[in-house]
1. Would you mind finding the one in A:ALA184, A:ALA233 that is touching a strand residue (DSSP E or B) at 6+ places or on another chain (Cβ under 7 Å) and closer than 30 Å to B:ASP214 by Cβ?
2. If A:LYS206 satisfies every condition in (1) within 10 Å of chain B (Cβ to nearest Cβ); (2) open to solvent by less than 40 Å² (accessible area, probe 1.4 Å); (3) not in a loop (DSSP other than H, G, I, E, B) but one, which is the exception?
3. For B:VAL219, state whether it is under 21 Å from B:ASN113 (Cβ atoms), in the same structural domain as B:GLU164 (by TED's automatic domain parsing) and among the hydrophobic types (A, V, I, L, M, F, W, C).
4. Is it the case that A:ARG13 is open to solvent by 70 Å² or more (accessible area, probe 1.4 Å) and within 12 Å of DNA strand D (Cβ to nearest atom)?
5. Which ranges mark the helices (runs of 4 or more DSSP H) fully within segment B:75-161 that have 3 or more residues being out of contact with any strand residue (DSSP E or B) (no Cβ under 6 Å at 6 or more places or on another chain), open to solvent by 50 Å² or more (accessible area, probe 1.4 Å) and under 30 Å from A:GLN170 (Cα atoms)?
6. Can you work out which of the residues in segment B:43-74 that are within 14 Å of another protein chain (Cβ to nearest Cβ), farther than 14 Å from B:GLN21 by Cα and in a loop (DSSP other than H, G, I, E, B) is nearest to DNA strand C (Cβ to nearest atom)?
7. Mind listing just one residue for me: the one in segment A:22-40 that is within 12 Å of DNA strand D (Cβ to nearest atom), surrounded by fewer than 16 Cβ atoms within 10 Å (Cβ to Cβ) and touching a residue at least 24 places away in the same chain (Cβ under 8 Å) and, of those, farthest from the other protein chains (Cβ to nearest Cβ)?
8. For the condition in contact (Cβ under 8 Å) with a residue 60 or more places away in the chain and either at positive phi or facing chain A (nearest Cβ under 9 Å) (or both), what is the one hit in B:SER235, B:SER211?
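The values are calculated or read from the model by the stated rules, or taken from the named source; none is laboratory data. Bear in mind the structure is a predicted one, so any value in this text is a computation, not a measurement. Cβ sites come from the backbone with ideal geometry, for glycine too, and all protein chains shown count toward neighbours. Please note that ligands, DNA and RNA were not included when accessible areas were found on the heavy atoms of the full protein model with its side chains. Shrake-Rupley method; radii C 1.70, N 1.55, O 1.52, S 1.80 Å.
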There are 2 protein chains.
Amino acid sequence: MRSRENLIPVYYRLAEDVKKQIESGELKDGDLLPTEAQLGEKYAISRMTVRQGLALLAEAGLIDTVKGKGSFVTRPRLNQLVIDLKHSAANNGQLRPKLLAVNLIRNNPELANDLGFTGESNVITVKQLLFNESMPVAIEEKFLRYQKGKPLLETQLEYADFPELIAKHQESVPVRNDMVISVAALSAEQAKLLEADEALPALVIKQVIYSKDDIPLGVSVTLCHKDRFELKATSYPLSGRL
Amino acid sequence: MRSRENLIPVYYRLAEDVKKQIESGELKDGDLLPTEAQLGEKYAISRMTVRQGLALLAEAGLIDTVKGKGSFVTRPRLNQLVIDLKHSAANNGQLRPKLLAVNLIRNNPELANDLGFTGESNVITVKQLLFNESMPVAIEEKFLRYQKGKPLLETQLEYADFPELIAKHQESVPVRNDMVISVAALSAEQAKLLEADEALPALVIKQVIYSKDDIPLGVSVTLCHKDRFELKATSYPLSGRL
DNA sequence: GAGTGGTCTAGACCACAGA
DNA sequence: CTGTGGTCTAGACCACTCG
């Protein structure tokens, strides 16, 4: 039953109430919540509506529901952090891309093999330099399977983010993006592009995008200037969900 | 209605069907799904059950449901990558901790202020060295608000992960973990601890754990040897959910 | 206005946990 | 066995979108 004064759904109210009890310490890690029937009685709502509220809490990682036993309070998953690449770029100020080179590398099975592009020996490479207001921030190099009849449009090359570029240029649907974050020292050439000293430490972000059959569709390697770029992550990306 | 042959719920079958259609390209980005009523008719199930299936797809980021319009296919969120710290440590082989120092630093408002510990001038520091089978991998230094009557137990110090340590030693409930990933060169002292060359580039992982009022409860800074540790993230951590 | 998803009900039967 | 959550129904009314 929706109260007339407040337009927010009842199940949402219930979820917020429980959330507050958890965050205030009133409900501690491992505690058992009232049963769904009890909660339904307390809020004067049907059991399905209670379950809708509990689903929100489970999604946020605040409770763990076990069949036949009940719903237990769990510590929020602070060990799972989310990197939002779109937002991350914005945090570092909107980055302006400058296209350095686009190449179609034919008949280079070694390169294709290195990238995991089995059954394909033609590879497209896209090299870009990313700027903030005044300085070069990162060098991004992308590798894609060559796909007949799917031209790379100028606007896509410059402004599309990597997953979007893959989606536009590959037949297969991209379903997974794996990332490895590491560190390297800049080569002379890289240092020159970034207007930095040679051998300066740099953040290396490697992404591999896969299709549903675990076939790599594209690889991206980004070298970031250590003082001009920070990679951020948070355990609490649920925004207004709860 | 649950079919007798297969024990999986109907709403799950529906979600998997739609997922397959999206991954095969049969349903493309932006396409409109059949209405909930139509799907209910097709699968001979009630509308609430259809909605349960669509909720799974929405959670996985495969569809976007809009009131009054319908459910649209969206590209999976490949720009949102999840770092699983617990799993990440396992990927790099189980890390064995060695406690270097625990200190209670009294009356150092500058340090407390740097850490964001407003209204607190006593800070506990915990310094650890993390090993794989044979070599030192990382130096981790943790900073906690001093909390009266909450002693740091030996076992917690050594084996608890950072969010767990905070939860055990702070009155306030930790609700958010923000991370910044950057790069630094090793100092002479740090290089010696890691059995590495001075000025070697290293990965720096800084975590700040907050309470619900955005009060920092603890800070952790981890320096990782560039060749012995990799930080991984993936856009597809949903495991067996769909 | 007609059509859509959002919320909610008051039941039902099932599978699982535990005494 | 009782109590729990998991699934599912066949309705209902609402708020929103669009023609």
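1. A:ALA233
2. That leaves (2) as the condition not met.
3. yes
4. no
5. Ranges flagged: none.
6. Going through the qualifying residues, I end up with B:LYS67.
7. The qualifying residue farthest from the other protein chains (Cβ to nearest Cβ) is A:THR35.
8. On inspection, the qualifying residue turns out to be B:SER235.
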